[in-house]
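Have a look at the structure below, then the notes.
The values are calculated or read from the model by the stated rules, or taken from the named source; none is laboratory data. Keep in mind it's a predicted model, so treat the numbers as computed, not measured. With ideal geometry, Cβ positions are generated from the backbone for all residues, glycine too; neighbour counts draw on all protein chains shown.
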Amino acid sequence: MLIKQLPSLLPLLLLLVACKSKKAPVPEEAAHDSSLIVVTDSSNAGVTDSIAAVTDTLRVDTAKLIGKWIQPVAGLDKEMQGFQLRRNGTAKSINMYTLVYEKWVLNNDTLFLWSHSEGVKDTAAVVDTTIIRELSDTSLVLFPLKAAEGYTDRYRRSR
């Protein structure tokens, strides 16, 4: 019975095979779409450690850091605030009653200041990490690592 229907099914079968082998035309914008180009990722090629590559670190004399460093309170230019760095590695807040400095460590040009907040709900210890940009007998310029690029904290020595 199938052999008798073969002549009538043959054109239908050929039509199916012919349609299946044809590809749909590529739209004009897809033919020129550069996002479809395969590019090998070479972003890690030759990457060096950016911290190790920096050679412009400031040589800091620890003895110059010992002392009281102050700056005006924002909005109250006559009021001063800051910190005192002591020889034994302890630190003390100046006119910042809720921020209590405990200790400090210098590593190359990086100053670490440990503190905690007093009189507030969260009293977790915090380590402020700052890069010393400038240091003289009378001034100290710090760049906090969490600050926006270009921001600095400027202090002057207090006797």
The number of residues in the range 75-105 that are β-branched (Val, Ile, Thr) and closer than 20 Å to VAL120 by Cβ is 3
Per the filter on the range 69-100, residues in contact with a Phe, Trp or Tyr (Cβ under 8 Å, 6 or more places away or on another chain) and polar (S, T, N, Q) are GLN71, GLN84, THR90, SER93
Picked from the range 111-125 (must be surrounded by 15 or more Cβ atoms within 10 Å (Cβ to Cβ) and not small (Gly, Ala, Ser)), the residue farthest from the chain's Cα centre (by Cα) is HIS116
Residue pairs qualifying under the 6 Å Cβ cut-off, at least six apart or on distinct chains, with the first in the range 79-90 being more than 14 Å from VAL105 (Cβ to Cβ) and the second being among the polar types (S, T, N, Q), are GLN81/ASN95; GLY82/GLN71
Among residues of the range 51-72 being at pLDDT below 95 and among the β-branched types (Val, Ile, Thr), the residue farthest from VAL127 (Cα to Cα) is THR55
When (1) at pLDDT 90 or above; (2) on the phi < 0 side of the Ramachandran plot; (3) not aromatic (Phe, Trp, Tyr) are applied to GLY150, the one that fails is (2)
Going through the range 126-150 in order, the residues found to be touching a Phe, Trp or Tyr at 6+ places or on another chain (Cβ under 9 Å) and either surrounded by 15 or more Cβ atoms within 10 Å (Cβ to Cβ) or closer than 19 Å to MET96 by Cβ (or both) are VAL126, VAL127, ASP128, THR129, THR130, ILE131, ILE132, LEU140, VAL141, LEU142, PHE143, PRO144
Among residues of the range 88-140 being touching a strand residue (DSSP E or B) at 6+ places or on another chain (Cβ under 8 Å), part of a loop (DSSP other than H, G, I, E, B) and among the hydrophobic types (A, V, I, L, M, F, W, C), the residue modelled with the lowest pLDDT is ALA124
Is it true that LYS78 is in a strand (DSSP E or B) and more than 20 Å from LEU145 (Cα to Cα)? yes
